[in-house]
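Notes for the one structure printed next.
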There are 2 protein chains.
Amino acid sequence: MKDKIKETVNNITSLDNILMQAAQRRLDNLTKPLGSLGRLEELAKLIVGITGQESPVLKNKVIFTLAADHGVTEEGVSFYPKEVTAQMVYNFLSGGAAINVLARHVGARVIVVDMGVASTVIARSECDEAIPKKHDCFAPSGLAMTNSFKNKKIALGTKNMARGAAMSREEAVKSIEAGIDILEEEFSRGVDIIGTGEMGIGNTTAASAITAVFTKKLVDNLTGRGAGLDNQGLQNKIEIIKKVLKVNNPNPNDPIDVLAKVGGFEIGGLAGIILAAASRKIPVVIDGFISGAAALIAYHIEPKSKDYMIAAHCSVERGHRIILEHIGLKPLLDLNMRLGEGTGGCLGINLAEASVNILTQMATFKSAGVSERK
Amino acid sequence: MKDKIKETVNNITSLDNILMQAAQRRLDNLTKPLGSLGRLEELAKLIVGITGQESPVLKNKVIFTLAADHGVTEEGVSFYPKEVTAQMVYNFLSGGAAINVLARHVGARVIVVDMGVASTVIARSECDEAIPKKHDCFAPSGLAMTNSFKNKKIALGTKNMARGAAMSREEAVKSIEAGIDILEEEFSRGVDIIGTGEMGIGNTTAASAITAVFTKKLVDNLTGRGAGLDNQGLQNKIEIIKKVLKVNNPNPNDPIDVLAKVGGFEIGGLAGIILAAASRKIPVVIDGFISGAAALIAYHIEPKSKDYMIAAHCSVERGHRIILEHIGLKPLLDLNMRLGEGTGGCLGINLAEASVNILTQMATFKSAGVSERK
C-alpha cells in the first residue's frame with residue numbers, strides 16, 4: 001500500500017468513549033423521557049465520539065459526488081447510454097439534478113468530481129477549481145447554490161472488466177489517493193460532516209462485483225436492476241458479473257486488488273474520501289449501494305473506518321443491505337430510494353444535524369424546572 | 001354531531017386525481033431513473049393531490065402541540081407526576097423542549113395550546129394570544145423562534161375514566177370544535193403544511209383505550225410503556241385500561257362517544273385540527289401514538305380525512321403500528337422514537353418539503369439535455 005494511504009489510515013483513531021459517556025449523561029438529563037428520541041440520541045452520541053467535540057456543530061455540510069465511466073457498459077449492463085455520465089455531470093453543475101435539490105434543502109454544498117468520465121468535462125469557469133475562491137453557481141431556477149467542480153480524472157473510464165482488470169493497480173492507488181486529496185482540500189476550507197455520492201452508468205455492476213468478493217454472497221442474490229433493467233437485462237447483468245469475477249479472480253484480502261480488477265474510479269475516490277474523513281474525525285454519511293461498495297473497500301483497508309460511517313438509508317438495490325450487514329451499519333432511512341448521487345446522504349446529514357441540535361439546544365429537567373420521574 | 005363539525009366534514013373532498021396524474025408524468029420526466037426516489041416521489045404526488053396545486057410550496061409550516069391533563073393518572077398509569085404537563089407547556093413556550101429544537105431545525109413554528117391543563121397556564125405576555133401580532137419568543141439559547149400560545153381550556157383535566165366518562169359528550173364536541181377553530185385561526189395567517197403534537201401525562205392510557213375500541217385488538221397487545229413504565233407498571237396500566245373499557249363501554253360506531261368516555265381534551269382538539277386541515281386541503285403530518293389516536297377519531301368521523309394524513313413515523317409505542325394499519329397509513333420513518341410533542345411530525349414535514357422540492361426544482365431530461373434510456 002502506498003505511503004499516502006498508509007499515512008491516512010494510521011491517523012484513524014478510536015472513538016472518544018469518555019466524551020460519548022458524557023454525551024449519554026447529558027442526553028439523559030434533557031426534558032424528555034429517557035431514550036425517547038431513539039436513534040436521534042444514538043446518532044448525537046456517535047457524532048460526539050467521532051468529532052471529539054462535546055457540543056458538535058454541523059454547519060459546513062458537503063456532499064462529494066464523484067463521476068466516472070465503466071468499460072463494462074459494452075456488455076449491455078445498463079439501459080442508459082454511457083454518455084449520460086457526462087451529461088449528468090453538467091446537470092449537477094447547473095443545479096438541476098436531484099442531488100442539487102436535496103443538498104440545497106439541507107444546506108449542503110456539492111463538490112462534483114470528474115474521477116474518470118469518458119469525455120473531457122468542460123466546467124463553466126465560475127464553477128471551475130481554477131478559480132477556487134468563486135465557486136458559486138446558479139441553478140436554472142435561479143436559486144443560489146455552492147457547487148464546485150474538481151478534475152481528478154484518472155483515465156477516460158475503466159476498461160471492460162469482463163475481459164480483464166478494470167484498471168491497473170497503480171490507477172487503483174491513484175484513485176484512492178485522489179479521494180484523500182479531495183477531502184484534504186475541503187478540510188482546509190472547513191467541513192463538519194460529509195456525504196458520499198456518485199454517478200457512473202454501469203457502476204452498480206462494479207458495486208455488485210465488489211460486494212460479491214468481500215461478502216462471499218451469491219451474485220444472483222446481490223445483483224439488482226440498477227437504473228431500471230427488465231428481467232432479461234438483469235439476467236444478463238448477473239451472467240456478466242459472474243464472468244467478471246471468473247476472469248479477474250480478485251483477492252478479497254487485498255482491497256486494492258479488488259478495486260483494480262472489478263471497481264471504478266469513483267468508487268476508489270470515495271474509499272479515499274471515507275478514509276481521509278475518518279482520519280480527520282469527520283462523520284461520513286454513506287449514501288446508497290455504490291457508496292456502500294466504496295465503504296466496503298475502505299472498511300477492508302482499515303476496519304476502524306467503520307466507526308466514522310453513518311448509513312443514511314437502505315437502497316432498493318438488494319446488494320446494499322448485504323453490504324450494511326457485512327460492515328455492521330444500521331441504516332437510518334428506508335424510503336425505497338435507489339438514485340445515488342448522494343441523495344440519501346443529504347437526508348442522513350439532515351437527521352445528523354437534528355440529532356446534535358437535540359443534544360446541544362434542549363433544556364435539562366433542572367434548567368426548565370420540570371419534575372423528574374418518581 | 002354538532003353543526004361546526006358537520007360543516008367542516010362536509011367540506012372534505014377527494015384528492016385531485018387529475019393533478020396527481022400530471023405530477024406523476026412530471027416526476028417521470030425528471031433527470032433520474034424512473035421512480036428512483038421512491039417514497040419521496042409518492043409523497044410529492046400526494047401533496048399535489050391534497051393541495052390541488054400543480055407546484056405546491058411548503059413555506060409556512062406549523063406544529064400544533066396541544067396539552068391537557070388526564071384524571072386517570074390517579075390510577076398510577078405514569079411514573080411522572082401530572083404537574084409535568086404544565087411544566088412542559090412552559091418549557092415549550094421558552095423554547096427548551098425537543099419540539100422547539102426540531103421545529104427550528106425544519107423551519108416550522110410551534111403553536112402551543114392549553115386544551116385542558118390541570119392548572120392555569122400563565123404565558124409570558126409576548127407569547128400570549130392576547131397580543132397576536134407579536135408572538136415571537138426566544139429560546140434560552142437566544143435562538144429566535146416563533147412560538148405562540150393559545151388558551152382553549154375545556155376543563156382542568158379530564159375526570160378519572162376508570163370510574164366513569166373522561167368528559168361529557170358536550171365537552172367532547174367542544175374539544176373537537178376548538179381544534180377546528182385553532183386550524184381556522186392559523187389558516188387565516190397562512191399555513192401550507194401542519195404537524196400534530198401533544199403533551200399530557202397519562203395520555204398513552206387514553207390513546208390505548210381509543211385504539212382498543214376502534215381496532216378491537218387486545219389491550220395486552222396494544223399497550224406500551226409510555227414515558228417509561230417498568231413491567232409492573234405496564235401490567236397495572238393494562239389492567240386499568242381494561243377496567244376503563246368495562247366501566248365506560250364506548251360505542252365504536254360513535255367516535256364522539258369514544259372521545260367522551262375514554263379520550264382526552266388534546267386528543268379531541270387534534271381530531272378537530274385534522275378534520276379542519278383536510279377541509280382546507282392542507283397536508284397533515286401525523287406524529288406518534290397519541291396523534292394517531294386523534295387520527296383514529298377523525299378517520300371514524302370522516303374516512304375521507306385519511307387521504308390528507310401523512311404518517312411521519314412509527315413509534316415505539318406498540319399501539320401505534322396497529323393504528324397505522326387500521327387507517328391504512330405507511331409511516332415514513334422508523335427511528336425508535338416515542339416522545340410525542342410533534343417531534344416525529346417535524347421530521348416528516350422536512351421530508352414532505354424535500355419531496356415537493358424534487359417535483360418543482362429538478363430539471364427534465366429535455367431541459368438538461370440528458371439522454372433517456374434505450
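Nothing in this text is a laboratory measurement; each read-out follows from the coordinates by a stated rule. Values in this document were obtained by computation on a predicted structure and should not be read as measured data. Cβ placement follows ideal geometry from the backbone for every residue including glycine, while neighbour counts extend to all protein chains displayed.
For the stretch A:59-351, dividing the convex hull volume of the Cα atoms by the residue count gives 108 Å³ per residue. From the cross-link list A:K152/A:K246; A:K45/A:K306; A:K217/A:K243; A:K216/A:K242; B:K32/B:K366; A:K153/B:K366, which pairs have alpha carbons spaced over 20 Å apart? Where the Cα-Cα span goes over 20 Å, the pairs concerned are A:K152/A:K246; A:K153/B:K366. Computed from backbone phi, the HN-Hα couplings of the stretch A:16-26 come to 7, 5, 5, 5, 5, 5, 5, 4, 4, 4, 4 Hz, rounded to whole numbers (Karplus: 6.51 cos²θ - 1.76 cosθ + 1.60, θ = phi - 60°; Gly and Pro given as x). A quarter of the convex hull surface defined by the alpha-carbon atoms of the protein assembly as shown gives 30.1 nm² as the mean projection.
For the stretch B:280-344, what number results from the quotient of the Cα radius of gyration and 2.2 N^0.38 Å? Rounded to two decimals, the normalised Rg is 1.00.
Each 10 Å bin, from zero up to the one with the longest distance, holds this percent of the alpha carbon pairs of the stretch A:231-374: 11, 34, 30, 14, 7, 3, 2.
Applying both filters, DSSP loop and at most 14 other Cβ atoms within 10 Å, to the trypsin sites (Lys or Arg not before Pro) of the stretch B:1-107 gives B:K2, B:K59. Of all DSSP-defined beta bridges confined to the protein assembly as shown, some 10% are antiparallel rather than parallel.
Would you work out the charge dipole size for the protein assembly as shown about its Cα centre, treating the Cβ of every Lys and Arg as +1 and the Cβ of every Asp and Glu as -1, and quote it to the nearest 20 debye? Could the numbers behind the result be given before it?
Working: 86 positive and 80 negative charges, 138 e Å.
About 660 debye.
Output the 0 to 90 degree angle, nearest 10, between the alpha-carbon long axis of helix A:289-301 and the longest principal axis computed from the alpha carbons of chain A. Tilt relative to chain A: about 80 degrees. Here the Karplus relation 6.51 cos²θ - 1.76 cosθ + 1.60, evaluated at θ = phi - 60°, turns the backbone of the stretch B:273-279 into coupling constants of 4, 4, 5, 5, 4, 4, 5 Hz, with x for every Gly and Pro. By the count of neighbouring beta-carbon atoms within 10 Å, fewest first, A:F265, B:F149, A:F79 end up ordered A:F79, B:F149, A:F265.
A Cβ-based charge dipole, computed about the Cα centre of chain B with Lys and Arg at +1 and Asp and Glu at -1, lands at about 660 debye. Per residue of chain B, the DSSP helices (runs of n ≥ 4 H) give a summed -39500 (n - 2.57) that works out to -15000 deg cm²/dmol at 222 nm.
Compared with the dominant principal axis of the Cα atoms in chain B, helix B:83-94 is inclined by about 30°. Distances from B:K246 to itself in the other copies, using label points 7 Å out along the Cα-Cβ axis, amount to 7.1 nm in increasing order.
DSSP beta bridges confined to the stretch B:59-351 are antiparallel in about 5 percent of cases.
Sorting B:D220, A:D181, B:D3 by the number of Cβ atoms found within 10 Å of their own Cβ, with the fewest placed first, yields B:D3, B:D220, A:D181. Using a 7 Å projection from Cα along Cα-to-Cβ, the label point at A:N11 is separated from the same position in the remaining copies by 6.1 nm, smallest value first. 3J(HN,Hα) along the stretch A:150-163: 10, 9, 10, 4, 8, 6, 7, x, 7, 7, 6, 6, 6, 10 Hz, from the Karplus curve 6.51 cos²θ - 1.76 cosθ + 1.60 with θ = phi - 60°, whole Hz, x for Gly and Pro. Taken residue by residue and averaged, Cβ atoms of other chains lying within 10 Å of the Cβ of B:79-91 number 4.
Expressed as a rounded percentage, what relative contact order does chain B have, with Cα pairs under 8 Å and six or more residues apart?
Numbers: 806 pairs, mean separation 91.1, N = 374.
Relative contact order, chain B: 24 percent.
Taking the C-alpha atoms only, the angle from helix B:169-189 to the longest principal axis of chain B is near 30 degrees.
Lys and Arg at +1, Asp and Glu at -1: add these up for the other residues within a Cβ distance under 14 Å of B:A22 and post the number. Intermediate results must be reported in sequence, preceding the final value.
Numbers: positive: B:R25, B:R26, B:K45; negative: B:D16, B:D28, B:E41, B:E54.
Net of charged neighbours comes to -1.
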